[in-house]
Amino acid sequence: MKKFNLLIVGGGSTWTPGLLKSICVRQKSFPINRLVMLDVNEERQKVIGEYAKVLFREEYPELDFKYTTNKEEAFTEDIDFVFVQMRTGGYAMREKDEKIPLSLGVIGQETCGPGGFAYGMRSIHDMVELVNDVRSVAKDAWILNYTNPAAIVADALQRIFPEDKKILNICDQPENLLRSYGRLLGLTPRDFDPVYFGLNHFGWFTNLYDKEGNDLLPQLREMILEGGFRPADYEQRDKSWLQTYSMVEQMVRDFPDYLPNTYLQYYLYPDKVLKKLNPDYTRSNEVMNGREKRVFEECQRVAEAGTSRESKVVHNDAHGEFILIVAESIAYNKGDNFVVILKNGGIIDNLPSDAMVEVAASLTANGPRPYAVGEIPTFYKGLIEGQFAYEKLTVEAYIESSYQKALQALTLNRTVVSAGKAREVLDALIEVNREYWPELK
Ligand code: NAD
Ligand code: G6P
Ligand code: MN
């Protein structure tokens, strides 16, 4: 069985320990020869890297592992896969993305609305640099990207590297939702053959077929309407995530055709969600005081103790496993089905062909083979077209350094709507992002 060389970019991410654990668990199905972790932050990288050494000594002794902040050590011609999960500006900037819009009475969120806009304008720069760095040495490596806002990153990379067929943008939320549906039905995500359409963090499941070809979605809809909805790993979730999942019931009641991605709450009920958000304590505060603290303290403890056997640092969500099973399907030409982000090109008949859509596809060694979705109904088409126009204008604002396009983008966003508000929020975000954004003219 071929063994692969893997590079993880953003090795100091809070999600890395979970990913490393999945790498250990899946060493038979996805054997790795060399693993390198790269980060720009030496301190973060060291804590997670030292944890990794202990974990691998115990669970993956033959793995050739190192961590670094030196690009030259990380980018080598023999890389097969690059997993990317970077956060330009860190949680400090995420906090601003969330709090500045909220202070002006608009949704403040990591990937949705003006927060996602600001984060996108920061991510594009580093992601373009990353792709150039990888391609300068490894022309054929697969780049699997988690970096958010994945919708905007995917759109930007598609425009800047149109010929590159080995960049795949992914999101773990459809997979988390499949896990949560599975919990209700006693099934696993791989028991479903899903039909899904939309943009990243802006889509719907239309059918959930089982192995016999029965559509389980109507049954799930009834279960959600009767008993509400919780994430599969609800015992480990923070309050805000439980609140988010609970909004699915309302969405299904109002729009019962399909099962919605949880992120649609911000676009469908911005007024209601806004009332629940605390402008002084946002999700980034919850993460900094929760996941980030826990992960870094626990990794330090493991490194000092010299054993990871008793460690509870790993979360039970889809993140780590999902990117690995996606990679396995490509690596061994398995053709398994996953919901991923792809250039539309007719998959969804009545949406622009250059939109980066989120749909089910069979993943092979020659890339994704998407399943046709056909035409979507007017309501969903209208919502998606507005959101796509916002995303496209965001990317154009970045590429052209255009203030006008940035203003148009935010005005189109359903969490903003008012052009006056859009200008106010944009001007405030420009102030704090000078170090990261192109100067908008
Ligand atoms: P984090 O800040 O803990 O981790 C990100 C790491 O990236 C940090 O250690 C940071 O120093 C590093 N970094 C920043 N810029 C870099 C660069 N240019 N090159 C290399 N490393 C760089 O953040 P997190 O919450 O753990 O999330 C990591 C990323 O994964 C974010 O982009 C997040 O939005 C994304 N994510 C995406 C999904 C998805 O569904 N697509 C799911 C979970 C997380
Ligand atoms: C989901 C989304 C990701 C998001 C993640 C973490 O998995 O798909 O895109 O980054 O949640 O969000 P959090 O608020 O916990 O950092
Ligand atoms: Mn996501």
> Which of the GluC sites (Glu not before Pro) found in region 200-281 are loop residues per DSSP with 16 or fewer other Cβ atoms within 10 Å of their Cβ?
Replying inline: Glu212
> Given just the C-alpha atoms of region 386-441, how large is their convex hull per residue in cubic angstrom?
Replying inline: 67
> Between Asn33, Ser13, Val47, whose Cα lies farthest towards the positive end of the dipole of region 1-47 when Lys and Arg beta carbons carry +1 and Asp and Glu beta carbons carry -1, centred on the Cα centre?
Replying inline: Asn33
>> Pick from Ile170, Ile107, Ile32 the residue whose mean-square fluctuation is largest in a GNM of the chain, springs joining Cα atoms under 10 Å.
In response: Ile32
> Which residue, chosen from Gln219, Asn285, Val432, occupies the Cα position most advanced towards the positive end of the dipole of the chain, where the dipole is computed from +1 (Lys, Arg) and -1 (Asp, Glu) charges on Cβ about the Cα centre?
Replying inline: Asn285
> Please state the relative contact order of region 28-106 as a whole percent: Cα pairs under 8 Å, 6+ residues apart?
Replying inline: 33
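Work out, step by step, the length gained on full extension between Thr364 and Ala305: first 0.36 nm times the residue separation, then minus their alpha carbon distance; give nm to one decimal.
Working: separation 59, 0.36 × 59 = 21.24 nm, distance 4.17 nm.
Gain in length upon complete extension: 17.1 nm.
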> Relative contact order for region 232-388: what is it in percent, counting Cα pairs under 8 Å that are at least 6 residues apart?
Replying inline: 14
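At 0.36 nm per residue, minus the direct Cα-Cα distance, what do Asp257 and Glu385 gain on full extension? Give it in nm, one decimal, please. Intermediate values should be presented prior to the final figure.
Working: separation 128, 0.36 × 128 = 46.08 nm, distance 1.87 nm.
So the extension gain works out to 44.2 nm.
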> If region 151-229 were replaced by its equivalent ellipsoid, with semi-axes equal to the square roots of 5 times the Cα gyration tensor eigenvalues, what would those be, largest first, whole Å?
Replying inline: 30, 13, 10
> When the Kirkwood radius is taken over all Cα pairs of region 1-102, what Stokes-Einstein diffusion coefficient follows at 10 °C and 1.306 mPa s, in µm²/s?
Replying inline: 110
> For the chain, what is the Kirkwood estimate of the hydrodynamic radius, computed as the reciprocal of the mean inverse distance between distinct Cα atoms, to one decimal in Å?
Replying inline: 22.2
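Using the 10 angstrom Cβ neighbour count as an exposure proxy, how do Glu95, Glu72 rank, fewest first? Before the final figure, lay out each step's value.
Numbers: Glu95 19, Glu72 9.
Result, fewest neighbours first: Glu72, Glu95.
Rounding to the nearest 20 debye, state how big the charge dipole of region 79-135 is about its Cα centre with +1 on each Lys and Arg Cβ and -1 on each Asp and Glu Cβ.
Numbers: 6 positive and 8 negative charges, 36 e Å.
Here region 79-135 has a charge dipole of around 180 debye.
Under the 0.36 nm per residue contour assumption, what length would be gained going from the current alpha-carbon distance of Tyr281 and Lys53 to full extension? Present the calculation step by step, with values, prior to reporting the outcome.
Values: separation 228, 0.36 × 228 = 82.08 nm, distance 3.52 nm.
Stretched out fully, the Tyr281 to Lys53 stretch lengthens by 78.6 nm.
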> Fewest to most neighbouring Cβ within 10 Å: what's the order for Glu73, Glu385, Glu98?
Replying inline: Glu73, Glu385, Glu98
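Using the count of nearby Cβ atoms within 10 Å as a rough guide to exposure, how do Asp233, Asp349 rank from fewest to most? Intermediate values should be presented prior to the final figure.
Working: Asp233 16, Asp349 13.
If I rank by nearby Cβ atoms, fewest first, I get Asp349, Asp233.
Rule-of-thumb check for region 69-214: C-alpha Rg over 2.2 N^0.38 Å? Display every interim value, and only then the final one.
Working: Rg = 18.0 Å, N = 146, 2.2 N^0.38 = 14.6 Å.
Rounded to two decimals, the normalised Rg is 1.23.
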> Ordered by packing density, taken as the mean number of other Cβ atoms within 10 Å over each peptide's residues, highest first, how do 296-305, 267-276 rank?
Replying inline: 296-305, 267-276
>> Can you compute the charge dipole magnitude of the chain about its Cα centre, using +1 on each Lys and Arg Cβ and -1 on each Asp and Glu Cβ, nothing else charged? Give it in debye, rounded to the nearest 20.
In response: 300
>> Kirkwood hydrodynamic radius, region 209-292, all distinct C-alpha pairs: what's the number in Å?
In response: 14.4
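Each value in this text was obtained by applying a stated rule to the coordinates, not by laboratory testing. Computed from a prediction, not measured in an experiment: that's the story for all the values here. Positions of Cβ are generated from backbone atoms using ideal geometry, with glycine treated the same way; all protein chains shown enter the neighbour counts.
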